[in-house]
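*Asks:* Below: one structure in structure tokens.
The values are calculated or read from the model by the stated rules, or taken from the named source; none is laboratory data. This one's a predicted model, so the numbers in the text were calculated from it and none came from an experiment. Cβ atoms come from the backbone with ideal geometry, glycine included; neighbour counts cover every protein chain shown. Only protein heavy atoms, including side chains, enter the accessible area calculation; ligands, DNA and RNA are left aside. Shrake-Rupley method; radii C 1.70, N 1.55, O 1.52, S 1.80 Å.
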Amino acid sequence: MSLVGKKVEPFKAQAYHNGDFVEVTEQNFLGKWSIVCFYPADFTFVCPTELEDLQDHYATFKELGVEVYSVSTDTHFTHKAWHDTSPTISKIEYVMIGDPSHQLSRMFDVLDEEQGLAQRGTFIIDPDGVIQAVEINADGIGRKASALIDKIKAAQYVRNHPGEVCPAKWQEGAETLKPSLDLVGKI
């Protein structure tokens with residue numbers, strides 16, 4: 001069953017963030033937009049490229065009022081060790097959540113039970129804590145942060161303009177659609 005339109009369930013998790021260990025709960029997702037990116041594991045290959053790409057776009061996410069959270073089934077201690085030893089990961093300024101209990105990976109339905117690892121799941125969460133978009137990729141397919149920026153802008157536009165929708169390839173400032181009887185069969 002799709003998680004789109006569902007509110008994030010209560011949880012508590014430990015995370016690594018800017019030199020500190022912090023607790024993260026569903027309350028962290030309230031009052032602002034959030035992106036939650038699950039990935040299989042620290043000290044791997046595709047994962048650091050994705051996390052670096054998120055960091056490269058982090059200032060843009062912040063300008064849009066979006067906080068970024070990465071999640072793997074590693075511990076927050078492992079996140080710190082990776083942050084301290086990898087030139088790529090050492091750049092990360094956003095929260096890195098540990099999910100060794102698999103609670104979050106199961107809650108977001110991205111846990112590969114056989115491997116005990118999270119799949120590459122991306123979730124856009126609105127300021128009410130409701131999931132607005134979900135994307136799940138196979139382990140070998142990395143994600144692109146700039147595509148997330150476009151999705152966030154569309155989600156924010158739709159939220160702020162009830163009755164309008166963003167068509168395919170929509171870019172900020174482009175025309176939107178107002179679903180109505182007059183449009184049926186004319187697009």
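*Asks:* Filter region 145-187 for residues that are under 15 Å from Gln132 (Cα atoms) and in contact with a Leu (Cβ under 6 Å, 6 or more places away or on another chain) and give the result.
*Replies:* Ile152, Val165
*Asks:* How about region 164-187: which of its residues are at negative phi and among the small types (Gly, Ala, Ser)? Break it down stepwise before answering.
*Replies:* Step one: list which residues in region 164-187 are at negative phi, which gives 164-168, 170-172, 174-184, 186-187.
Listed by number, the residues that qualify are Ala168, Ala174, Ser180.
*Asks:* Which condition number in (1) under 20 Å from Leu148 (Cα atoms); (2) open to solvent by less than 50 Å² (accessible area, probe 1.4 Å) is the one that Glu26 fails?
*Replies:* (1)
*Asks:* Looking at region 12-40 only, could you name the residues that are farther than 17 Å from Ile124 by Cα, assigned to a strand (DSSP E or B) and in contact (Cβ under 8 Å) with a residue 40 or more places away in the chain?
*Replies:* So in region 12-40, the residues farther than 17 Å from Ile124 by Cα come out as 12-23, 40.
If we keep only those that are assigned to a strand (DSSP E or B) as well, we get 12-17, 20-23.
Scanning region 12-40 gives Ala13, Gln14, Ala15, Tyr16, His17, Phe21, Val22.
*Asks:* Could you give every pair whose Cβ atoms fall below 6 Å, whose first residue belongs to region 44-59 and is farther than 10 Å from Ile92 by Cβ, and whose second residue is open to solvent by less than 20 Å² (accessible area, probe 1.4 Å) and in a helix (DSSP H, G or I), counting only separations of at least 6 or pairs across chains?
*Replies:* Hits for this filter: Asp53/Ala145; His57/Ala145.
*Asks:* Can you name every residue in region 176-187 that is surrounded by 10 or more Cβ atoms within 10 Å (Cβ to Cβ) and assigned to a loop (DSSP other than H, G, I, E, B)? Give the derivation first.
*Replies:* Step one: of region 176-187, the residues surrounded by 10 or more Cβ atoms within 10 Å (Cβ to Cβ) are 176-179, 183.
Within region 176-187, Thr176, Lys178, Pro179 meet the criteria.
*Asks:* From the residues in region 126-149 that are of a type in the set (D, E, K, R) and within 13 Å of the chain's Cα centre (by Cα), which one is nearest to Gly65 (Cα to Cα)?
*Replies:* Initially, region 126-149 is screened for residues of a type in the set (D, E, K, R), giving 126, 128, 135, 139, 143-144.
Retained after the next criterion (residues that are within 13 Å of the chain's Cα centre (by Cα)): 126, 135, 143-144.
Numbers: Asp126: 10, Glu135: 21, Arg143: 21, Lys144: 19 Å.
Once the filter is applied, the top-ranked residue is Asp126.
*Asks:* Inside region 150-175, can you point out the residues that are farther than 23 Å from Thr122 by Cβ and in contact with a helix residue (DSSP H, G or I) (Cβ under 8 Å, 6 or more places away or on another chain)?
*Replies:* The answer is Glu164, and nothing else.
*Asks:* Among the residues of region 134-166, which ones are closer than 28 Å to Tyr58 by Cβ, in a loop (DSSP other than H, G, I, E, B) and either free of Cβ contacts under 8 Å to residues at least 60 places away in the same chain or open to solvent by 50 Å² or more (accessible area, probe 1.4 Å) (or both)?
*Replies:* Answer for region 134-166, where residues must be closer than 28 Å to Tyr58 by Cβ, in a loop (DSSP other than H, G, I, E, B) and either free of Cβ contacts under 8 Å to residues at least 60 places away in the same chain or open to solvent by 50 Å² or more (accessible area, probe 1.4 Å) (or both): Ala138, Asp139, Gly140, Ile141, Lys144, His161, Cys166.
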